[in-house]
Amino acid sequence: MQRKKETEVSELDKQKFYEKRKHGTPRFPMECFVTRADGNQHFLVPLHWHRNIEIMQMLHGTAVITIGNEMFSAVEGDIFCINQEELHRIVSEDNQLVYRTVIFPLQALTFSESDAAQTYLEQIVQGVLRFPVQVTNETEKYFLRETLYQIQIAAEQKSVGYELMVKAQLLQIIAQMLCQHQIVSVQHSPSEKSKRLKEM
């Protein structure tokens, strides 16, 4: 990956390049998609910016990517992070170009705004959904072993941001269990006996 400087765009001109397209849905404003040149030798994503974060992974082919005032010669395996309000564009003469994009607003990760992801968490917090008592599926056990190990390492090392790592891994466990139908609905309310035991 090579980079070089490009001329800057004035703040006034920048407003012309604001992307109005909405990503995801109002309830889940995140999107992940794969873009392909599909034989087009003059592939272009014009200069634009948005208030979302964009993470881009080159899967195949080559492109010239402009981010801010820098240009990058991108090849397979390269990953780029485009911050909020950063001008960017993609140009390629490679008709085999394929890249993956994940785009999301930062505030969606804070859970300060209710969305579809938070709905699941709220149901778990309220006791409408609950974790399985025992995980028996071998594939699930392998996934959990790996994820719990990552949580352990992060918690032991306590590097800057480790709390986010732990939180992200726990959310990944919940998401995986939901996908595999491991998190189940609570079928009945607690018995009077269990209520009394809790009170004691």
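The values are calculated or read from the model by the stated rules, or taken from the named source; none is laboratory data. From a predicted model like this one, the values you see are computed outputs, not experimental measurements. When we count neighbours, we look across all protein chains shown, and the Cβ atoms used for this are built from the backbone with ideal geometry, even at glycine. Just the protein is used for accessible areas: all its heavy atoms, side chains included, with ligands, DNA and RNA removed. Shrake-Rupley method; radii C 1.70, N 1.55, O 1.52, S 1.80 Å.
All conditions but one from (1) closer than 16 Å to A175 by Cβ; (2) touching a Gly at 6+ places or on another chain (Cβ under 7 Å) apply to A108; the one that does not is (2). Checked against (1) assigned to a helix (DSSP H, G or I); (2) at pLDDT 85 or above, K198 passes all but condition (2). Taking each residue of the stretch 59-82 that is over 18 Å from L44 (Cβ atoms) and looking for partners that are of a type outside the set (S, T, Y) and not in a strand (DSSP E or B) with beta-carbon atoms closer than 6 Å, six or more apart or interchain, yields G68/E86; N69/E6; N69/E8; D78/M1. Inspection of the stretch 54-76 finds no residue satisfying the criterion of being more than 26 Å from K20 (Cα to Cα), open to solvent by less than 30 Å² (accessible area, probe 1.4 Å) and touching a helix residue (DSSP H, G or I) at 6+ places or on another chain (Cβ under 6 Å).
Might you let me know whether the stretch 5-23 holds any residue that is closer than 30 Å to A117 by Cβ, at pLDDT 95 or above and open to solvent by 30 Å² or more (accessible area, probe 1.4 Å)? Taking every residue of the stretch 5-23 in turn, none turns out to be closer than 30 Å to A117 by Cβ, at pLDDT 95 or above and open to solvent by 30 Å² or more (accessible area, probe 1.4 Å). For the stretch 144-172, filtered to residues that are β-branched (V, I, T) and exposed (fewer than 15 other Cβ atoms within 10 Å of the Cβ), the residue that is farthest from I183 (Cα to Cα) is V160. Within the stretch 88-106, the set of residues being under 12 Å from the mean Cα position of the chain (by Cα) and without any contact (Cβ under 8 Å) to a residue 60 or more places away in the chain comprises just one member, L106.
Kindly indicate whether V98 is farther than 22 Å from L171 by Cβ, at pLDDT 95 or above and open to solvent by 50 Å² or more (accessible area, probe 1.4 Å).
Numbers: farther than 22 Å from L171 by Cβ: yes; at pLDDT 95 or above: yes; open to solvent by 50 Å² or more (accessible area, probe 1.4 Å): no.
No: the conditions fail for V98.
Residues that are within 24 Å of T110 (Cα to Cα), within 23 Å of the chain's Cα centre (by Cα) and either open to solvent by less than 90 Å² (accessible area, probe 1.4 Å) or among the polar types (S, T, N, Q) (or both) within the stretch 121-143 comprise L121, E122, Q123, I124, listed in sequence order. For the stretch 36-49, filtering for residues that are open to solvent by less than 60 Å² (accessible area, probe 1.4 Å), in contact (Cβ under 8 Å) with a residue 40 or more places away in the chain and not small (G, A, S) leaves 4.
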